1. How many residues does segment 63-76 contain that are within 15 Å of R40 (Cβ to Cβ) and either among the charged types (D, E, K, R) or not in a loop (DSSP other than H, G, I, E, B) (or both)?
2. Based on this model, can you work out whether V50 counts as modelled with pLDDT under 95, open to solvent by less than 60 Å² (accessible area, probe 1.4 Å) and in a strand (DSSP E or B)?
3. Report yes if E108 is outside any helix (DSSP H, G or I) and either modelled with pLDDT under 95 or under 14 Å from the mean Cα position of the chain (by Cα) (or both), otherwise no.
4. Quick one: in segment 1-47, which of the residues that are part of a strand (DSSP E or B) and open to solvent by 40 Å² or more (accessible area, probe 1.4 Å) is nearest to R90 (Cα to Cα)?
5. Would you tally the residues in segment 1-26 being among the charged types (D, E, K, R) and over 20 Å from L38 (Cβ atoms)?
6. Which of the residues belonging to segment 16-42 are closer than 21 Å to L53 by Cβ and either charged (D, E, K, R) or free of Cβ contacts under 8 Å to residues at least 12 places away in the same chain (or both)?
7. What pairs can you find where one residue is in segment 94-110 and farther than 12 Å from V76 by Cα, the other is among the charged types (D, E, K, R) and surrounded by 12 or more Cβ atoms within 10 Å (Cβ to Cβ), and their Cβ atoms are less than 7 Å apart, with a gap of 6+ or different chains?
8. How many of the residues making up segment 55-78 are touching a residue at least 24 places away in the same chain (Cβ under 8 Å) and either touching a Phe, Trp or Tyr at 6+ places or on another chain (Cβ under 7 Å) or among the charged types (D, E, K, R) (or both)?
Amino acid sequence: MARVLIVEDNRNLAHGLRTNLEFEGHRAEIASDGDAGLRRARSGEHDIVVLDLMLPELDGYRVLETLRREGHTVPVLVLTARGDEADKVRGFESGADDYVTKPFALAELLA
């Protein structure tokens, strides 16, 4: 059972993800903006972070870059509508472990 932090400002998507992850046996928590996501990710309480890039307060790139600069090694899966090659490259260069574009299949995300 993984402890998952979902950093997503789309309430319906975030709750749907949480529901599906919990159905699969994981524990999931939601942060609805970049500042809250960064605070929760810094806690070290999560096994993985699912991170949107387009967030209020602090965008996902800055969340990811800050975590990595501070030495946090929690795996981060970027889940975003930004599917251009340049966005993906920037995501990986910022420290993402994986990158999934919206719309996505649930099986793809769980894999």
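The values are calculated or read from the model by the stated rules, or taken from the named source; none is laboratory data. Since the structure is predicted, the reported quantities are computational estimates derived from the model, not experimental observations. Because the Cβ atoms are built from the backbone with ideal geometry, glycine has one as well, and the counts that use them run over all protein chains shown. Areas reflect the complete protein model, heavy atoms only, side chains present, ligands, DNA and RNA absent. Shrake-Rupley method; radii C 1.70, N 1.55, O 1.52, S 1.80 Å.
1. Qualifying residue count for the region: 6.
2. Against the criterion (modelled with pLDDT under 95, open to solvent by less than 60 Å² (accessible area, probe 1.4 Å) and in a strand (DSSP E or B)), V50 does not qualify.
3. When the stated conditions are applied, E108 does not pass them.
4. I30
5. Counting residues in segment 1-26 that are among the charged types (D, E, K, R) and over 20 Å from L38 (Cβ atoms) gives 2.
6. G16, R18, E29, D33, D35, R39, R40, R42
7. L110/E24
8. Matching residues across segment 55-78 total 7.
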